[in-house]
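The values are calculated or read from the model by the stated rules, or taken from the named source; none is laboratory data. Predicted model, so just to flag it, every value in this text is computed and none were measured. Using ideal geometry, Cβ is built from the backbone for each residue, glycine included, and neighbour counts are taken over all protein chains shown. Quick note on the areas: whole protein, heavy atoms, side chains included, nothing else; ligands and nucleic acids left out. Shrake-Rupley method; radii C 1.70, N 1.55, O 1.52, S 1.80 Å.
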Amino acid sequence: MNTPPPPRSRRANAAQTSTVTLQQVAERAGVSPSTVSRILNGTAVVSPAKQAAVQAAIQELGFRPNPVARGLAGGKTFSVGVVTQTISSPFYGEAMYGIEGVLDAAGYASLFVSGNWREDDERKAIETLMSRRVDGLIVFAGRLPDAALKRYAAEVPLVLVGRRSPGRQFLSIGFDNRLGAHLAAEHLLSLGHRQIAFITGAHQHADALERRAGFEETLQAAGLKLDPDLVAEGAYTEPSGQQAAQALLARGKPFTALFASNDQMAIGAALALHRAGLRVPQDVSLVGFDDVAVAEFSIPPLTTVRQSVGEIGAQAATALLDLLADRPPRVTLTPPRLVVRESTAAARKR
């Protein structure tokens, strides 16, 4: 009886996979080894057909680029550090998905850390990423002063997202928060609402100030003033939205509509309204901001201002790859737009 050969170990299989060379990938794809290398590095300017041929060859042959060898050859680690603020937030989750997709396709690993909206935590997060020799940084808004960001940008390419910063030391990508808030206020006014409550973001956030400015300017243009009794501050989380709505209701000042500065606070506010016996939208129309994935599946589905969070992340990653390749970055964000769902309706006559 013949004894069957022992099963190959994972280590042996890995060794076999590692024998696939860049040259073999190039031959299978019909391109030069240097083209394969540039595609892996994210620095190639080639046709989509060549990109697809190389990716197909990599999959067919089971080629695994060695990041250590690549780093030694080019002085790179092929990793990018990303500083979010709250990793558990659906907003940052969508943004990270967009970032990861672009970087992964270019052969870069994404290292995500959270700054928690605290300057010390942001500084510690960036120092940790720098100690791991990341090739570049993507930083979402945050509390770190521009001067600190400029010092880091002197060491590695840096893209700042969600906050405008003067100067050319790094690329900053800002959202049109004023326009978004204008669209929300204009929608409620068009439905006949005049008593409109407002849940702001924390006043330390630049985007919260911009959204308040856009909301207030639109009311003023309609001949209305922002009533201080109908304003409460939140912290861009569901519990803070619930608490802010409870505070508004406790003041006893009637309102027929409520604009929350992000979807998470709007969802929290909806719970407070429900527990107070108020129906959305029959008693109170509700509008959010961001159009995160859960907004469409809220009860009722939430009217909100859409800014494509995944697109923002993807464009930030693409811009960073441009900087790493010494190309001028090009960023074209889709303007915010209003997405009308079932949480808003015409104001009822009283």
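Observations, loosely collected:
- A search for C-beta distances below 6 Å between a residue of the stretch 106-125 that is farther than 30 Å from Ala52 by Cα and any residue that is in a helix (DSSP H, G or I), counting only pairs 6+ apart in sequence or on different chains, returns Val113/Ala125; Gly115/Asp121; Gly115/Glu122; Gly115/Ala125.
- Considering residues of the stretch 75-84 that are touching a helix residue (DSSP H, G or I) at 6+ places or on another chain (Cβ under 7 Å) and open to solvent by 30 Å² or more (accessible area, probe 1.4 Å) only, the residue modelled with the highest pLDDT: Thr77
- Criterion applied to Leu179, Leu160, Leu183 was being open to solvent by 10 Å² or more (accessible area, probe 1.4 Å), touching a Leu at 6+ places or on another chain (Cβ under 7 Å) and of a type outside the set (Val, Ile, Thr), and the one residue passing it is Leu183.
- Residue in the stretch 213-243 that is surrounded by the most Cβ atoms within 10 Å (Cβ to Cβ), counting only those that are in contact with a His (Cβ under 8 Å, 6 or more places away or on another chain) and not in a helix (DSSP H, G or I): Tyr236
- Residue match in the stretch 170-178 (condition: at pLDDT 95 or above and in contact with a Ser or Thr (Cβ under 7 Å, 6 or more places away or on another chain)): no
- Filter result (out of contact with any Pro (no Cβ under 6 Å at 6 or more places or on another chain), open to solvent by less than 20 Å² (accessible area, probe 1.4 Å) and farther than 28 Å from Gly192 by Cβ) within the stretch 292-319: Val309, Ile312, Gly313, Ala316, Ala317
- Beta carbons closer than 6 Å, at least 6 apart along the sequence or on distinct chains, pair a first residue in the stretch 38-63 that is open to solvent by 60 Å² or more (accessible area, probe 1.4 Å) with a second that is at pLDDT 85 or above and not in a helix (DSSP H, G or I) for Lys50/Val31.
- Taken over the stretch 244-268, residues that are open to solvent by less than 10 Å² (accessible area, probe 1.4 Å) and closer than 24 Å to Lys349 by Cβ amount to 5.
- Filter result (within 18 Å of Lys76 (Cβ to Cβ) and open to solvent by 50 Å² or more (accessible area, probe 1.4 Å)) within the stretch 93-108: Asp104, Ala105
- Taking the criterion of being of a type outside the set (A, V, I, L, M, F, W, C) and either more than 16 Å from Leu183 (Cα to Cα) or open to solvent by 30 Å² or more (accessible area, probe 1.4 Å) (or both), the residues of the stretch 269-286 that qualify are His274, Arg275, Gly277, Arg279, Pro281, Gln282, Asp283.
- Filtered residues of the stretch 111-132 (kept if buried (at least 19 other Cβ atoms within 10 Å of the Cβ) and under 18 Å from Glu155 (Cα atoms)): Glu122, Ala125, Ile126, Leu129
- Filter pass, Phe289 being under 28 Å from Gly162 (Cα atoms), open to solvent by less than 50 Å² (accessible area, probe 1.4 Å) and under 20 Å from the mean Cα position of the chain (by Cα): yes
- Among the numbered conditions (1) more than 30 Å from Gly313 (Cα to Cα); (2) within 29 Å of the chain's Cα centre (by Cα), the only one that Phe215 does not meet is (1).
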